[in-house]
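Written out below as structure tokens is the structure these notes cover.
The values are calculated or read from the model by the stated rules, or taken from the named source; none is laboratory data. This structure is a prediction, so every number in the text was calculated from the model and none was measured. Every residue, glycine among them, receives a Cβ derived from its backbone with ideal geometry; neighbour counts consider all protein chains shown. Each accessible area value is taken on the protein alone, full model and side chains, heavy atoms only, with ligands, DNA and RNA left out. Shrake-Rupley method; radii C 1.70, N 1.55, O 1.52, S 1.80 Å.
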Amino acid sequence: MSHLRAAAARGLRRSGRRAVSPAGKRRKGASPRRGAPAPAPAPPPARHLFSDPAEVVALRGNLLAWYDKCKRDLPWRTLAATEPDADRRAYAVWVSEIMLQQTQVSTVIDYYNRWMQKWPTLQALAQASLEEVNELWAGLGYYSRGKRLQEAARKVVSELAGQMPRTAEDLQKLLPGVGRYTAGAIASISYRQATGVVDGNVIRVLCRLRCIGADSSSPAVIDRLWDMANALVDRSRPGDFNQALMELGATVCVPRAPLCGECPVKQHCQARRRKLFGKATAVPDVEDCGVGDCPLCPPALEPWDSSLGVTNFPRKAAKKQPRVARTATCVLERRGCHGAQEYLIVQRPSSGLLAGLWEFPSLPLAQSLQEEKQRELLADHLRAWTGWPVVAEGLQLIGEVVHIFSHIHQTYVVYSLPLDGDVTLDPALSPSRWVTEEEFHASAVSTAMKKV
Ligand code: SF4
């Protein structure tokens, strides 16, 4: 689920976050002349929609019946189903949704349980320090999520009298870090508001159900998918329906090898029909649609590839290549007063990448520097910072560690430096402290630093 949610947060559900309002669309488009009615947007091609009400009813029923039988037992689902207090319920769903962005369900479970045990309410979270939040979040990645969650909890407590907004619209409007997807998920699951959600899983399922092969990260397609999700959502069980659609994408309609034979909505799936029969029956063939200018069909230059079957859908524009970065990092070690080995860590700035987390002293490097030069630069940096007479030859090169952030391909060039005595660090510079290995792992440090 995580990558799909990630996709949603960036471009799709991301588009949820950057959802284009009708007003926004008007601003971007040609503005109508004063007094003249705005031109009506072109209606979506009917063949890509669910235009038969009976089919919608059947699809909802099939999906919900499958969900009731096959859904995974997850702690946030249990809380959403059993917590009688609406604020606590919404908080429990909110935490899960934020953690699930960019992160696998299996990884989230342990973090979620620990988080809810430590801060079972908004009020408890609002009183926590950022350091505590970062410590619990350490290893989950995308650290600004925890920070924003806590900032929003503080806002609910201080400005909204501790009461969570009660609609998707207000959740999105009033809570920092809550985009269109998260607001829809909280409102439908916690308050039973009949509003749809669009995340990466939903995008994949809907694009296959309706043979949507245009770039699924484009605003035109995303808008259509939101319309479709809002029209499809079950009116009496919106939260279950939304979770069922996402669950289907996470467990059955998976990216590479979907289990179409086991799919509860296979009879509604145009991609499967296309694969089995070549030509769709109730819905015309994708190549027939719109006679070449359909905004939802695959581009004319990339038609249906029969070797891909249903995985022809969805399609996305090529991803931007991550930026390549190189950083020298030094593990300074000393023998602590109780004889245990200790390591120096410093705190990163409070904004930007990995804000507020702790790391070994590090120095960004220009690309393609000789090893000798990077060692000298690191020694200069450490000398200036610690006041210790660090010489380049004293730094021992340990090796390189590669860590992929979402948009950065980061290589850490790792050195070590054993110290015999104490180091007095300038308190005016970054906060720093000596930690044992055990304390290091309990600190708010990133996965990249743990690799180092
Ligand atoms: Fe996905 Fe296959 Fe089900 Fe269609 S039939 S929704 S492609 S799993």
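Brief remarks on what is shown
- Subset of the stretch 399-422 (residues that are under 15 Å from residue 379 (Cα atoms) and in a strand (DSSP E or B)): 413, 414, 415, 416, 417, 418
- Odd one out for residue 315, checked against (1) open to solvent by 50 Å² or more (accessible area, probe 1.4 Å); (2) among the basic types (Lys, Arg); (3) closer than 30 Å to residue 253 by Cβ: (1)
- Subset of the stretch 102-149 (residues that are surrounded by 15 or more Cβ atoms within 10 Å (Cβ to Cβ), more than 25 Å from residue 248 (Cβ to Cβ), out of contact with any helix residue (DSSP H, G or I) (no Cβ under 7 Å at 6 or more places or on another chain) and of a type in the set (S, T, N, Q)): 144
- Residue in the stretch 328-339 that is open to solvent by less than 90 Å² (accessible area, probe 1.4 Å), touching a residue at least 24 places away in the same chain (Cβ under 8 Å) and under 23 Å from residue 142 (Cα atoms) present: yes
- When 215, 223 are checked against the criterion of being closer than 27 Å to residue 299 by Cβ and either touching a strand residue (DSSP E or B) at 6+ places or on another chain (Cβ under 7 Å) or within 15 Å of the ligand (Cβ to nearest atom) (or both), a single residue qualifies: 215.
- Residue 401 vs. criteria touching an Asp or Glu at 6+ places or on another chain (Cβ under 7 Å) and closer than 21 Å to residue 325 by Cβ: no
- In the stretch 246-277, the residues that are open to solvent by less than 20 Å² (accessible area, probe 1.4 Å) and more than 10 Å from the ligand (Cβ to nearest atom): 246, 247
- Residue in the stretch 388-401 that is charged (D, E, K, R), modelled with pLDDT of 90 or more and open to solvent by less than 80 Å² (accessible area, probe 1.4 Å) present: no
- Selection status of residue 91, closer than 13 Å to residue 239 by Cβ and either assigned by the TED database to the domain that holds residue 259 or touching a strand residue (DSSP E or B) at 6+ places or on another chain (Cβ under 9 Å) (or both): no
- The requirement of being in contact with a Gly (Cβ under 7 Å, 6 or more places away or on another chain), loosely packed, with under 15 Cβ neighbours inside 10 Å and free of Cβ contacts under 8 Å to residues at least 60 places away in the same chain is not satisfied by residue 368.
- Failed criterion for residue 172 (all others in (1) closer than 30 Å to residue 295 by Cβ; (2) open to solvent by less than 50 Å² (accessible area, probe 1.4 Å) hold): (2)
- The residue of the stretch 161-212 that is nearest to the ligand (Cβ to nearest atom), among those that are of a type in the set (S, T, N, Q) and under 23 Å from residue 126 (Cα atoms), is 182.
- Subset tally (residues that are exposed (fewer than 10 other Cβ atoms within 10 Å of the Cβ) and under 30 Å from the mean Cα position of the chain (by Cα)) for the stretch 292-309: 0
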